[in-house]
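Read-outs throughout are calculated quantities, based only on the coordinates presented, and are distinct from any laboratory measurement. All values derive from a computational prediction rather than experimental measurement. Cβ placement follows ideal geometry from the backbone for every residue including glycine, while neighbour counts extend to all protein chains displayed.
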């Protein structure tokens, strides 16, 4: 039985979450025995078909360059000229929930991030998400049904609501639950062991 649970609150189209991906993998590997982990989708941007205004495009491009410069995370900047950017991440979030049915959550997140950040494809478009599912070997028609199902939408809204109730303001965020208490952890992109040490300390294991 899990002693504690570490929640990773993210969005598959959040550029900071893309930067944090290798650190999250290292942190999960360093978790103390008895600490389980779970992802929650924060839902960065609701459904929209409106192209991003120029100022928003510039802000996000600047964020990509900042992350690239400071953390060495790769980005394919051709996205901004080859795609019509839309500020809408809920479809990608639903794809992650749909993929859970086939135990492919991790793989789907990675596929969405690589499509977006490395291959200049737009995960706000359902065709990109279906393409990701196909590449992962998921049954495309069943995946598309789950993508648009009421259960998937309900689950997404539940996860977003929990993040709101927990006062999560940005992504990625880490929340540890232990003995009916919640602890917001410091997100450290460069030192997964620092975060693991913080968990050890909170659990009284140091």
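Data for the structure
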| quantity | calculated |
| --- | --- |
| Rg(Cα) / (2.2 N^0.38 Å) computed for the chain, rounded to two decimals | 1.03 |
| Counting DSSP beta bridges with both ends in the chain, the antiparallel % (nearest 5) | 60 |
| Using alpha carbons only: equivalent-ellipsoid semi-axes of the range 1-93, gyration tensor based, whole Å | 30, 17, 8 |
| Three principal axis lengths of the range 140-184 [C-alpha, angstrom, descending] | 41, 23, 17 |
| Two-decimal Rg/Rh across the range 57-119, once Rg and the Kirkwood Rh are taken from alpha-carbon atoms | 1.02 |
| Residue order, fewest to most surrounding Cβ atoms within 10 angstrom, among 93, 163, 83 | 83, 163, 93 |
| Theoretical FRET efficiency, 1/(1+(r/R0)^6), r = Cβ-Cβ of residue 150 and residue 106, R0 30 Å, to 0.05 | 0.75 |
| Cα long-axis angle, helix 15-30 against the chain (0 to 90 degrees, to the nearest 10) | 30 |
| Residues 33, 159, sorted so that the one with the fewest Cβ neighbours within 10 Å comes first | 33, 159 |
| Within the chain, helix-based [θ] at 222 nm, where runs of 4 or more DSSP H residues each add -39,500 (n - 2.57), nearest 500 | -15500 deg cm²/dmol |
| Long-range tail of P(r) for the range 91-206 (Cα pairs > 17 Å, %) | 64 |
| On Cα atoms only, tilt of 192-202 relative to the major axis of the chain in degrees | 40 |
| With Cα atoms, 0 to 90° folded angle of helix 150-165 axis to the chain main axis | 50 |
| Top of 187, 96, 164 by mean-square fluctuation, Gaussian network on the chain, Cα under 10 Å | 164 |
